[in-house]
Amino acid sequence: QVQLIESGGRLVQAGDSLRLSCAASGRTFSMYVMGWFRQTPGKERECVAVVSRSGISTYYSDFVKGRFTISRDNAENTVYLQMNSLKPEDTANYYCAASTYVGIPSRRSAYDYWGQGTQVTVSS
């Protein structure tokens, strides 16, 4: 089992940058594919980005391509989400998740472990 704790969310202005972190504890971090998801009230939780076990392969949802970067540091048991050119529509609770699936899955059901989330609010 792995425990995930997100941090870094806060109130920012449109156009600003922000980096989220997710610290993992428990079983070997490098065993897991890691993803960032986000959710707003009344909407489904959606995939933002995913990084492979090695950190070499990544996936991004269309709405963040070119603005967000996912990365991981297996020595530090941490995954990051660098968010640039933030927009008000990026406002959401951001969740870190871990998966044992093969590849870089973007569907929620592929993820076994979830953090509690960190709130990002982008003002216009």
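The values are calculated or read from the model by the stated rules, or taken from the named source; none is laboratory data. Note that the coordinates shown come from a computational prediction; the quantities given were computed from them, not determined experimentally. Quick reminder, even Gly has a Cβ in these numbers, built from the backbone with ideal geometry, and neighbours come from all protein chains shown. Quick note on the areas: whole protein, heavy atoms, side chains included, nothing else; ligands and nucleic acids left out. Shrake-Rupley method; radii C 1.70, N 1.55, O 1.52, S 1.80 Å.
Computed values, structure above
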item: Looking only at region 39-82, and only at residues there that are on the phi > 0 side of the Ramachandran plot and of a type outside the set (S, T, N, Q), the one that is least open to solvent (accessible area, probe 1.4 Å); result: GLY55
item: Residue satisfying all of: in region 1-45; aromatic (Phe, Trp, Tyr) and in contact with a strand residue (DSSP E or B) (Cβ under 6 Å, 6 or more places away or on another chain); farthest from ARG107 (Cα to Cα) among these; result: TYR32
item: Pairs with Cβ under 7 Å, 6+ apart, first in region 18-42 and in a helix (DSSP H, G or I), second open to solvent by less than 60 Å² (accessible area, probe 1.4 Å); result: PHE29/ASN74; PHE29/ASN77; SER30/ASN74
item: Residue that is in contact with a helix residue (DSSP H, G or I) (Cβ under 6 Å, 6 or more places away or on another chain) and either outside any loop (DSSP other than H, G, I, E, B) or closer than 21 Å to GLN3 by Cβ (or both), where the choices are TYR101, TYR94, TYR80; result: TYR101
item: Residue count, region 43-77 (criterion: of a type in the set (A, V, I, L, M, F, W, C) and part of a loop (DSSP other than H, G, I, E, B)); result: 4
item: Number of positions in region 4-17 that are among the hydroxyl-bearing types (Ser, Thr, Tyr) and not in a strand (DSSP E or B); result: 1
item: Whichever residue in region 83-118 is of a type in the set (A, V, I, L, M) and at pLDDT 95 or above and, among such residues, is surrounded by the fewest Cβ atoms within 10 Å (Cβ to Cβ); result: ALA110
